[in-house]
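Before any comments, here is the structure.
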Amino acid sequence: MDPLAPLDRALQHARSWIGSLGRRQVRPTASLESLEAAFGGALSEEGQDPGEVVDLLARAGEPGLMATAGPRFFGFVIGGSQPVALAADWLTSAWDQNSGLYVLSPTVSVLEATAGRWLNGLLGLPVDSGVGFVTGGQMANFTGLATARCALLDRAGWDVSEQGLFGAPEIHVVVGEEVHVTVLRALRYLGLGQARVKRVATDAQGRMVPAALGPVLAGCKGPTLVCLQAGNINTGATDPMEPLIAAAHAHRAWVHVDGAFGLWGAASQRTRAQLQGVEKADSWAVDAHKWLNVPYDSGVAIVRDEALLRRAMGTSASYLVKSSGLRDGVDFVPEFSRRGRGTPVYAVLRALGRRGVEALVDRCCARARRFGERLGGVPGVHVLNEVVLNQVLVRFDPPGGGDVDAFTRQVISRVQADGTCWLGGSRWRNQDVMRISVSGWNTTEEDVDRSVSAILRCAGRA
Ligand SMILES: *Cc1c(COP(=O)(O)O)cnc(C)c1O
């Protein structure tokens, strides 16, 4: 038997899965029991034919999948994969390169160096910033903040890599009230603690209030780290970068920007103004598996001063063949052995070009506005945020009166069960809301309209 036959099976299953995305129920339909019956049990002694294993994964697995890559998935802020990115991801797996060292994969090294440079240009960041390809926004935040920790303590005459944090000068950490949990989690991992942060007030859209930062900075004597946000996970709003970064830098603080999805706004002329000044920060986190629509897991850590990134992350050992002047991936990220996850990023950027990325961002924003206009025009349905990017927050009055929070939660459950589209809920300013996020390349106006009809039906407003 052909040992490569499972690859052909996988291709067929992948085509059929992707082909079904626009037609199938968006939510998973399999029960836990049926999935456990298919996949549970004891590990066999004898094993099984590899082709059958691939068939089993597809046959029994698909009913338990969420159609996140489909055109009517609006949950969280995650887009599906573009075919070119998926294809490049397959090659990445087929090539099976260890992307830690140049000598182990010159091709991946060059692809990642180029993709990094392109990303910097596309996002309007300093072109020679250091770029590390990590697993996601969480690790991009970790990498940026680890570099900040190292650089701030360096300046204070303390080598954290050698000495650790015991006895080190204190680092003051400033975040907005709307800080994402992954920033707090990164601070935790870095020994900076998530409860000792100083929080700065935010406005009605969740943007940090510049006038509120000054007094907080005044209380920070010594090394200071300021974490800003581009793209609030609820409203999509971005902190006013220009005044905030100016104030932080006047205080000699390091500024890190969590821009997991919001930083993509800088790739379009129509949304760039919202991020005015973001390029002046010291480090940035952005996700490729969100709005650039590459497969998981793909985040990007960017640091203005590449030497600092390498100093914080890099490693050496006698058996490692480091290539002076060439890009060894291991020096840019916390990982050691690593898949060449910059390859799908390279492929999608090459395929779309600047205009294509801009069109992707614009299209999603336009679809979000359409959701806002269609839903907001219906009596008893309220859009809570300014739809400035790809996020829409909605609340529903019960047609017969009653508890708006409870009814809004109920509408969300009904929509999820209905299966036409999928979206989730959130709390915004002490209110339950439906959160709609348009982050996929393949959502059409018709998908929006079908979804709006389903939502209104579930809200008793059809
Ligand atoms: C999604 C998100 C993250 C975390 O990114 P992952 O890729 O899920 O690790 C961090 N910050 C913001 C603002 C996000 O939207």
Can GLY419 be described as surrounded by fewer than 20 Cβ atoms within 10 Å (Cβ to Cβ), in contact with a Phe, Trp or Tyr (Cβ under 8 Å, 6 or more places away or on another chain) and at positive phi?
-> no
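Being within 16 Å of the ligand (Cβ to nearest atom), part of a helix (DSSP H, G or I), within 18 Å of GLY132 (Cα to Cα) and aromatic (Phe, Trp, Tyr) narrows it down to one of TRP284, TRP264, so name that one. Step through it out loud before you land on a result.
On the way: TRP284 fails: part of a helix (DSSP H, G or I).
Within the list TRP284, TRP264, the selection yields TRP264.
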Some residue of region 272-279 being under 17 Å from the mean Cα position of the chain (by Cα), part of a loop (DSSP other than H, G, I, E, B) and either within 12 Å of the ligand (Cβ to nearest atom) or not aliphatic (A, V, I, L, M) (or both) = no
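Quick check, is LEU225 within 16 Å of the ligand (Cβ to nearest atom), over 26 Å from VAL433 (Cβ atoms) and not small (Gly, Ala, Ser)?
Values: within 16 Å of the ligand (Cβ to nearest atom): no; over 26 Å from VAL433 (Cβ atoms): yes; not small (Gly, Ala, Ser): yes.
Spelling it out, it is not the case that LEU225 is within 16 Å of the ligand (Cβ to nearest atom), over 26 Å from VAL433 (Cβ atoms) and not small (Gly, Ala, Ser).
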The correct count of residues that are surrounded by fewer than 24 Cβ atoms within 10 Å (Cβ to Cβ) and not in a helix (DSSP H, G or I) in region 236-252 is 3
Have a look at GLY130, GLY144 and point out the one that is away from the ligand (no atom under 16 Å from the Cβ), small (Gly, Ala, Ser) and touching a residue at least 60 places away in the same chain (Cβ under 8 Å).
-> GLY130
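Sort out which residues of region 38-57 are of a type in the set (A, V, I, L, M, F, W, C) and either surrounded by fewer than 12 Cβ atoms within 10 Å (Cβ to Cβ) or touching a Pro at 6+ places or on another chain (Cβ under 7 Å) (or both), and write them in order of number. Walk me through it before giving the result.
As a first pass, look at region 38-57 and keep what is of a type in the set (A, V, I, L, M, F, W, C): 38-39, 42-43, 53-54, 56-57.
Residues satisfying the conditions are ALA42, LEU43, VAL54.
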Looking at this structure, is ARG457 open to solvent by 20 Å² or more (accessible area, probe 1.4 Å), at pLDDT 95 or above, in a helix (DSSP H, G or I) and among the charged types (D, E, K, R)?
-> yes
Among the candidates VAL321, VAL294, VAL300, VAL286, residue that is among the β-branched types (Val, Ile, Thr), within 24 Å of LEU101 (Cα to Cα) and open to solvent by 60 Å² or more (accessible area, probe 1.4 Å) | VAL321
Exactly one of ALA30, ALA60, ALA87 is within 30 Å of VAL330 (Cα to Cα), open to solvent by less than 70 Å² (accessible area, probe 1.4 Å) and more than 16 Å from the ligand (Cβ to nearest atom), and that one is ALA87
Quick one: would you say VAL108 is crowded, with 19+ Cβ neighbours inside 10 Å and more than 25 Å from GLY424 (Cα to Cα)?
-> yes
Among residues of region 189-232 being of a type in the set (Ser, Thr, Tyr) and touching a residue at least 40 places away in the same chain (Cβ under 8 Å), the residue nearest to LEU275 (Cα to Cα) is THR224
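The values are calculated or read from the model by the stated rules, or taken from the named source; none is laboratory data. Given the structure is predicted, the values throughout are model-derived calculations rather than measurements. Don't worry about glycine lacking a Cβ; one is built from the backbone with ideal geometry, like all the others, and counts go over all protein chains shown. Calculation scope for accessible area: heavy atoms of the full protein, side chains included, ligands and nucleic acids excluded. Shrake-Rupley method; radii C 1.70, N 1.55, O 1.52, S 1.80 Å.
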